[in-house]
Amino acid sequence: MVEEELKYEVDDTYVLPDLSAVAPAGGRVRALPPATLVARYLDTVDLRLARAGASLRHREGDELPWTVKLPTGTPGVRHEISRPGPVGQPPPELVELVTALHRGAPLAPVTVVRTIRHAHEVCDRAGAVLAEVVDDRVTVGDDAGAATGAFRELEVELKAGDRELLDRIGGVLVEAGARGGSFTPKHVRALGSAAQAEPDLVAPGELTTDPSAGEVVTEVVRKEVRRLLTHDPLVRLRASAGGGDTAVHQMRVASRRLRSDLRTFTPLVRRSWSRPLRAELRWLAGVLGAARDAEVLRDRLRRTAAADPLSSLDQGAVGRLDDALAERQRQALAAIDEALRSPRYLALVDALVLAARAPRLTRRASEPAARTLPALVARPWKRLTGPDGVDGLDPLAPDDRWHGVRKEAKQARYAVNAVLPAVSGGARRLSRALARVQDVLGEHQDAAVAAETWLALAADRPDDHELAVTAGRLAERERETVHRMRARFPAAWHRATRRRRTRWLP
């Protein structure tokens, strides 16, 4: 669930204005009875969750009293996940969702927030709640009942309405004297300045006009570490639910890209630091890859089976192939779930947070980026263009040989992308051209793997003749794609190697 809301500060003399004007035609504003909410927040002793914009709380009276809220990168918009459970015993699933934040440090009660809430629902003609406006009088204290502070605030939470309605309600509140419109959670206000300090995970920033090579490396590391750890809780949710793969894909890409970038920047980072980190990123990418590959194959099965409406395939056989892939995906998601709960992964998360804070750089990293980085990109580029790359690629070479070129192309593109902020415009043009090369080689590899998979799945059921026929026809369609991609490759490669795209390379 995604929660979207705005908050406004008001004092004790503030009078909530008439909200009927913001209701749509035929709608109304419905006042709810006052409610008292008691929320107990858990965090580490140094408030790692609060500083990261997240929370884990138990709120009395809720049907699902335990809730984790996670930032999305947009102020006022958070992921909200709730589960049942008694006070004092946070569900393990929710504790695991914030693993990337607490990193194994114990969680304990840090504050109690007692709220007297007066809520108003903005409804449409049919009675559906579009937004909720709440007037909260908040007392901050501890479990013993001792009050340590108090404040009043207004919240406008979007329900079935749109952003325009949220802003319109906010305008009415501000016109009546409310202040702000920014977003600071109650528990963060309750915990004070310590909860508003910088998070442990350092965010990417803006590079200077003429950055050093080390500054570029630092920003690259921070960007990919942030992407990886931001998707950690979303991957856990997907793995436990057995659902979609978007978060898995993003986390895998971040793992592979960071590993590739550390390889590109080898002369700029200390090997004793980067080598173990690259090894662990390789392990993580491998764990994530099985689930991602199964999802890609399932999607490809549907598309390939429907590719020729005039030559339909046995849908029962297609369904049996999909069932086999679904089981493969289920097992892969279970493996992800197990890996993310392991001490090995916890140690990796700690290492990534430290890496984003201060990558271990060599003396050469202090040199200007514009002078140093092109030579580093030239290395993977030369591997791609050399005899073991495209120069020695036979159009009739085995699929594995083409796959090897695909991996070199990906490494080269990752390297180019890593230095984009500090080099000439030719690098951006080369990146776009390599993306097209990757698209061709990626489709080639996907088709080749799919053809082998269909035949292998059919071989596992030798008595299923309909399955064997269907798998064979699917494999033929995939091999046609392989031949088509090989025919397209020379033109895509020619565009990538034009002088205006590569002249910045030494």
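If we keep just the residues of the stretch 86-144 that are hydroxyl-bearing (S, T, Y) and more than 30 Å from V202 (Cα to Cα), which is most open to solvent (accessible area, probe 1.4 Å)?
T139
Restricting the stretch 463-506 to residues that are small (G, A, S) and surrounded by 15 or more Cβ atoms within 10 Å (Cβ to Cβ), which is nearest to Q438 (Cα to Cα)?
Per the stated criteria, the residue is A492.
Restricting attention to the stretch 1-52, and to residues there that are under 36 Å from the mean Cα position of the chain (by Cα) and basic (K, R), which single residue is surrounded by the most Cβ atoms within 10 Å (Cβ to Cβ)?
Among residues in the stretch 1-52 that are under 36 Å from the mean Cα position of the chain (by Cα) and basic (K, R), the one surrounded by the most Cβ atoms within 10 Å (Cβ to Cβ) is K7.
Among the residues of the stretch 239-268, how many are modelled with pLDDT under 95 and not hydrophobic (A, V, I, L, M, F, W, C)?
Residues flagged as modelled with pLDDT under 95 and not hydrophobic (A, V, I, L, M, F, W, C) within the stretch 239-268 amount to 8.
Does L393 satisfy the criteria of being touching a residue at least 40 places away in the same chain (Cβ under 8 Å), surrounded by 15 or more Cβ atoms within 10 Å (Cβ to Cβ) and farther than 29 Å from R320 by Cβ?
Against the criterion (touching a residue at least 40 places away in the same chain (Cβ under 8 Å), surrounded by 15 or more Cβ atoms within 10 Å (Cβ to Cβ) and farther than 29 Å from R320 by Cβ), L393 does not qualify.
Looking only at the stretch 281-319, count how many residues are more than 19 Å from A332 (Cβ to Cβ) and either open to solvent by less than 50 Å² (accessible area, probe 1.4 Å) or touching an Asp or Glu at 6+ places or on another chain (Cβ under 9 Å) (or both).
Residues of the stretch 281-319 that are more than 19 Å from A332 (Cβ to Cβ), as a first pass: 303-319.
Next cut, either open to solvent by less than 50 Å² (accessible area, probe 1.4 Å) or touching an Asp or Glu at 6+ places or on another chain (Cβ under 9 Å) (or both) only: 304-305, 311, 313-314, 316-319.
So the count comes out to 9.
Considering A335, A365, which residue is among the small types (G, A, S), at pLDDT 95 or above and in contact with a Gly (Cβ under 9 Å, 6 or more places away or on another chain)?
The conditions single out A365.
Filter the stretch 167-205 down to residues that are free of Cβ contacts under 8 Å to residues at least 24 places away in the same chain and in contact with a Pro (Cβ under 9 Å, 6 or more places away or on another chain), then give me how many there are.
Result for the stretch 167-205: 0.
Could you tell me which numbered condition G404 fails, if it satisfies all but one of (1) at pLDDT 95 or above; (2) under 27 Å from S255 (Cα atoms); (3) not in a helix (DSSP H, G or I)?
Failing condition for G404: (3).
Does the stretch 145-156 hold any residues that are of a type outside the set (A, V, I, L, M) and surrounded by 20 or more Cβ atoms within 10 Å (Cβ to Cβ), and which are they?
Here is the first cut: in the stretch 145-156, the residues of a type outside the set (A, V, I, L, M) are 145, 148-149, 151-153, 155.
Result: E153, single match.
Considering each of A279, A291 in turn, give the residue that is over 18 Å from the mean Cα position of the chain (by Cα) and in a helix (DSSP H, G or I).
Unique residue meeting the criteria: A279.
Identify, please: which residue in the stretch 1-28 is closer than 30 Å to L234 by Cα and part of a strand (DSSP E or B) and is, among those, modelled with the lowest pLDDT? Quick ask: steps written out before the conclusion?
Restricting attention to the stretch 1-28, the residues satisfying the condition of being closer than 30 Å to L234 by Cα are 1-8.
Narrowing further to those that are part of a strand (DSSP E or B): 2-8.
On the way: V2: 80, E3: 83, E4: 87, E5: 89, L6: 90, K7: 92, Y8: 94.
If we take residues in the stretch 1-28 being closer than 30 Å to L234 by Cα and part of a strand (DSSP E or B), then V2 is modelled with the lowest pLDDT.
Quick one: would you say R383 is open to solvent by 30 Å² or more (accessible area, probe 1.4 Å), part of a helix (DSSP H, G or I), within 15 Å of V269 (Cβ to Cβ) and not aliphatic (A, V, I, L, M)?
no
List the strands (runs of 3 or more DSSP E) that sit entirely inside the stretch 71-177 and contain at least 2 residues that are over 25 Å from the mean Cα position of the chain (by Cα) and farther than 20 Å from D11 by Cβ. Please lay out each step first, then the result.
Values: elements: 77-83, 108-123, 129-141, 147-158.
Those strands (runs of 3 or more DSSP E) span 108-123, 129-141.
The values are calculated or read from the model by the stated rules, or taken from the named source; none is laboratory data. Quick caveat: nothing in here was measured; it's all calculated off a predicted structure. All Cβ positions, even for glycine, are placed from backbone atoms using ideal geometry, and neighbour counts span all protein chains on display. Note: areas computed on protein heavy atoms with side chains; ligands, DNA, RNA excluded. Shrake-Rupley method; radii C 1.70, N 1.55, O 1.52, S 1.80 Å.
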